[in-house]
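Chemist: I have a structure here, written as structure tokens, and I will follow up with some questions on it.
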Amino acid sequence: MAYIGTSPSNGVRRRFVYEATASQTSFSGSDENGVTLTYVDSLYLDVFQNGIKLKAGDDYTATTGTTVVLVQGASLNDVVEMVAFDVFSVGDTVSAKDGGSFAGNVGMGGTLSVTGGIVSPVTINGTTPTLTIGDAGAEDAKIVFDGNAQDFHIGLDDSADSLTIGLGSALGTTSHMVIDSTGAVTMPLQPAFLAKPASLQTNLALNTDVTIVFGTEIFDQNGDFASNTFTAPVTGKYQINVHVYFNALDVDGTFYEIKIITSNRNHVHVIDMRPFDADVPNWSFNASVLTDMDASDTAYIAVKPYNSGAAQADVAVESHFSGYLVA
């Protein structure tokens, strides 16, 4: 507990001991231990002679703050002792041991170290409120959001000079969004894929939906593409694109339907063969759609040749199927 007055490190009770000379009445200055006599208020001063407590006014006077005068002179080698108590009041403080609350403002000129929690709300005021994390050293700095099922972090990856938002409390292990020093933003786990056929798919069956086989993944960010099919990991809006490179389209066919088939709906595009007067050896067709997909919905590509002739249309390896989560 702190005090107003003499610091507790020096004590609030001070003892002065003198060995009297013959008939000595006045005692001041350094005592037997080299401590100089001083007191604040004579009401808080006890005087003893050979262990017997003296009475103020009758046996001694103490008015100066530095001297005690006996009414009757002491005998040689008498022990005269003064015990001074400083006037003090209990400071308006918070206990270091038991804690407490500050009702007013608190200024901190040095470093504040906190090992426990900080109870919200916390507001940073000022003309230009600023919270700085880090001290310009070569180390990572982060804020961790401690959730019930999952933790997330946002932090500075100092070695990469990038701002990272990710899963867990460890910076950089599962990064969801990375902003580099140029301002470029990447999302390493954002659903996105690109696939192409591994080989020529020949002689598409007539009058039926034929699934286009995309056997080679160029990339599959987040691992959502397999067996010619994209599976939405979360509910959202997805951009789906397809480029089909055909060989040997049959002029006798009425038309070809190219379909982006999703769990919610089909998106159908048509190649009309009636304007042609001969088989078409090569034909590229592009289609895209921004579509809604629920979590676990699927999307794949199919072609349906409407024809009464021979099954002859092929899908070349230059075709590709891609998609990504937009929102």
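The values are calculated or read from the model by the stated rules, or taken from the named source; none is laboratory data. Owing to the predicted nature of the structure, the values given are computational and were not obtained by experimental measurement. Here the Cβ is made from the backbone with ideal geometry for all residues, glycine too, and neighbour counts use every protein chain on show.
Chemist: Tell me, yes or no, whether segment 228-241 has at least one residue that is exposed (fewer than 15 other Cβ atoms within 10 Å of the Cβ), modelled with pLDDT under 95 and assigned to a strand (DSSP E or B).
Modeler: No, because not a single residue in segment 228-241 is exposed (fewer than 15 other Cβ atoms within 10 Å of the Cβ), modelled with pLDDT under 95 and assigned to a strand (DSSP E or B).
Chemist: Just to verify a result, which residue in segment 66-97, among those that are acidic (Asp, Glu) and at pLDDT below 80, is nearest to the chain's Cα centre (by Cα)?
Modeler: Asp92
Chemist: Scanning for something surrounded by fewer than 15 Cβ atoms within 10 Å (Cβ to Cβ), of a type in the set (Ser, Thr, Tyr) and either in a strand (DSSP E or B) or under 56 Å from the mean Cα position of the chain (by Cα) (or both), does segment 307-327 turn up at least one residue?
Modeler: Checked against the condition, which is being surrounded by fewer than 15 Cβ atoms within 10 Å (Cβ to Cβ), of a type in the set (Ser, Thr, Tyr) and either in a strand (DSSP E or B) or under 56 Å from the mean Cα position of the chain (by Cα) (or both), segment 307-327 yields no hits at all.
Chemist: Looking at segment 85-108, can you tell me whether even one residue there is out of contact with any Cys (no Cβ under 7 Å at 6 or more places or on another chain), without any contact (Cβ under 8 Å) to a residue 60 or more places away in the chain and within 30 Å of Leu171 (Cβ to Cβ)?
Modeler: Yes.
Chemist: Turning to a different aspect of this structure: Is one or more of the residues making up segment 186-207 without any contact (Cβ under 8 Å) to a residue 12 or more places away in the chain and touching a His at 6+ places or on another chain (Cβ under 7 Å)? Break it down stepwise before answering.
Modeler: To start, the set of residues in segment 186-207 that are without any contact (Cβ under 8 Å) to a residue 12 or more places away in the chain comprises 186-187.
Within this subset, residues satisfying the condition of being touching a His at 6+ places or on another chain (Cβ under 7 Å) are 187.
Yes, because at least one residue in segment 186-207 is without any contact (Cβ under 8 Å) to a residue 12 or more places away in the chain and touching a His at 6+ places or on another chain (Cβ under 7 Å).
Chemist: Sticking with this one: Quick check on segment 40-63. Is at least one of its residues surrounded by 14 or more Cβ atoms within 10 Å (Cβ to Cβ), modelled with pLDDT under 95, in a loop (DSSP other than H, G, I, E, B) and in the same structural domain as Tyr18 (by TED's automatic domain parsing)?
Modeler: The answer is yes; a qualifying residue exists.
Chemist: Using the structure shown, decide if Asp277 is surrounded by fewer than 16 Cβ atoms within 10 Å (Cβ to Cβ) and closer than 19 Å to Leu204 by Cβ.
Modeler: So Asp277 does not fit the description; no.
Chemist: Right, something else. From Tyr60, Tyr44, Tyr39, grab the single residue that is free of Cβ contacts under 8 Å to residues at least 24 places away in the same chain and over 30 Å from Ile118 (Cα atoms).
Modeler: Tyr60
Chemist: Quick one: which of Ile179, Ile165, Ile154, Ile212 is among the aliphatic types (A, V, I, L, M) and under 30 Å from Ala310 (Cα atoms)?
Modeler: The unique qualifying residue is Ile212.
Chemist: Read through the list (1) of a type in the set (Val, Ile, Thr); (2) modelled with pLDDT of 95 or more; (3) surrounded by 12 or more Cβ atoms within 10 Å (Cβ to Cβ), then give the number of the only condition that Thr36 fails.
Modeler: Checking Thr36 against (1) of a type in the set (Val, Ile, Thr); (2) modelled with pLDDT of 95 or more; (3) surrounded by 12 or more Cβ atoms within 10 Å (Cβ to Cβ), the one that fails is (3).
Chemist: Taking only segment 168-186 into account, find how many residues are at pLDDT below 95, hydrophobic (A, V, I, L, M, F, W, C) and either assigned by TED's automatic domain parsing to the domain that holds Phe225 or under 30 Å from Thr229 (Cα atoms) (or both).
Modeler: Number of matching residues: 0.
Chemist: What residue, among those in segment 187-221 that are crowded, with 16+ Cβ neighbours inside 10 Å and among the aromatic types (Phe, Trp, Tyr), is nearest to the chain's Cα centre (by Cα)?
Modeler: Out of the qualifying residues, it is Phe193.
Chemist: Looking for whichever is under 30 Å from Met187 (Cα atoms), touching a strand residue (DSSP E or B) at 6+ places or on another chain (Cβ under 7 Å) and among the acidic types (Asp, Glu) here; the options are Asp279, Asp314, Asp297. Which one fits?
Modeler: Asp297 is the lone residue from the list that is under 30 Å from Met187 (Cα atoms), touching a strand residue (DSSP E or B) at 6+ places or on another chain (Cβ under 7 Å) and among the acidic types (Asp, Glu).
Chemist: If you take the residues in segment 17-32 that are closer than 12 Å to Glu81 by Cα and in a loop (DSSP other than H, G, I, E, B), which one is farthest from the chain's Cα centre (by Cα)?
Modeler: Residue satisfying both the conditions and the ranking: Ala20.
Chemist: Of the conditions (1) more than 30 Å from Ala310 (Cβ to Cβ); (2) among the small types (Gly, Ala, Ser); (3) in contact with a strand residue (DSSP E or B) (Cβ under 6 Å, 6 or more places away or on another chain), Ser159 satisfies every one except a single condition; which number is it?
Modeler: (3)
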